[in-house]
Amino acid sequence: MAMPAFTPRSSGYSTPTGTTGGMSTPLLSGRVLDSRRVVVERHFGGRRYRGLHWYYLSDLFHTLVNCPWYRFYLIFVVAYVTMYSLFAAFYISQPGCITKVSNFWHALWFSVESSATIGYGHQAPDPQCYLLQFGVMAQVLVSLMMQGSLLGLVFARISNSSGRTTTIRFSKVLSMYQGDDGLWRLAFRVANLRQHQVLQPEVRMLMLRRSTVHPFSSVHSEFIYSELKTEHVGGGRLWLGVPSVIEHRIDRGSPLWGMSDADMRAADMEIIVLLDGIDESTSRAIEARHSYVPFDIRWQHHFDPCIQRRRSGKIGPSSRGGGGGG
């Protein structure tokens, strides 16, 4: 295993006082992933993939569930205003069939009353206008379908498990240190900020790097990923009741074997961390993601201890801010 290309400045890495256990998460624009969701640029052969919006429209439910809130509210308002306006245009085309409706705005108000079943009593349809009756029934049915669909979307958005991952924080740096067996370890810390647990947590660490040889690529190089085997420091299965350190041992079977700090910085690589589990309160599957670049690696550094026994006698994260590595 090659030695680092620079001399470490200290034997440990400490974060500034005032951070929550060092669990802040910076977002770098050059990364493939951030801590919230995939932001992979959809480029193939140097050209942006065309027609992608048609695939999103074919899966309209998930497109509306995952779009930003401001866009969802805009779609919500536009859908209802469009429906009200279309039926108002139909009602105004039926002269004399609705009392006190003499222009489009009167018809629009009648459309809103019919859709919301308000019934103020100032406007009423003529029972002899049979086409109008079918129009009112059609609007009531369309309104029920829209209300049911949009209510389901609102519930799906509120109960979406992606928001849960914002309270699962990763250290902002990786620690690279040499173990007692002479092998180097690449480690990060992860913490669950909520009191309710993440059940059956599992961690995967991937190394994404540019490869000049790829059997399925017609270009000179391609980004491929390799899995880095991880284990919980202390042994056994991971438990997120307390902040935990996850490490990858760099042995001869590791893709990082023989790489120095300079090699990693020149390799155009990225370390991607995925944490899967089940939220205890909702029983929903969640996946938290974070990524690191070689500049985030601190050689010959260890994470500071951040677990202590409090005055109450309970064990918990330290409040001194010595969170260990960001």
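The values are calculated or read from the model by the stated rules, or taken from the named source; none is laboratory data. For clarity, every value in this text was computed on a predicted model and none was experimentally measured. Cβ placement follows ideal geometry from the backbone for every residue including glycine, while neighbour counts extend to all protein chains displayed.
Annotations
- Every condition in (1) in a loop (DSSP other than H, G, I, E, B); (2) in contact (Cβ under 8 Å) with a residue 12 or more places away in the chain; (3) more than 23 Å from residue 233 (Cβ to Cβ) holds for residue 301 except the one numbered (3).
- Residues located in the range 229-262, provided they are outside any loop (DSSP other than H, G, I, E, B) and closer than 14 Å to residue 176 by Cα: 245, 246, 247, 248, 249, 250, 261, 262
- None of 194, 204 is modelled with pLDDT of 75 or more, closer than 17 Å to residue 287 by Cβ and not in a strand (DSSP E or B) except 194.
- Only one of 155, 188 that is within 30 Å of residue 60 (Cα to Cα) and of a type in the set (A, V, I, L, M, F, W, C): 155
- Condition check for residue 244: surrounded by fewer than 15 Cβ atoms within 10 Å (Cβ to Cβ) and hydroxyl-bearing (Ser, Thr, Tyr): no
- So residue 233, is it at pLDDT below 90 and on the phi < 0 side of the Ramachandran plot: yes
- So residue 134, is it among the aromatic types (Phe, Trp, Tyr), closer than 30 Å to residue 61 by Cβ and out of contact with any helix residue (DSSP H, G or I) (no Cβ under 8 Å at 6 or more places or on another chain): yes
- Out of 70, 91, 80, 177, sole residue that is among the hydroxyl-bearing types (Ser, Thr, Tyr) and either in the same structural domain as residue 188 (by TED's automatic domain parsing) or not in a helix (DSSP H, G or I) (or both): 177
- Residue in the range 149-162 that is modelled with pLDDT under 90, over 30 Å from residue 194 (Cβ atoms), of a type in the set (Gly, Ala, Ser) and not assigned by TED's automatic domain parsing to the domain that holds residue 243 present: yes
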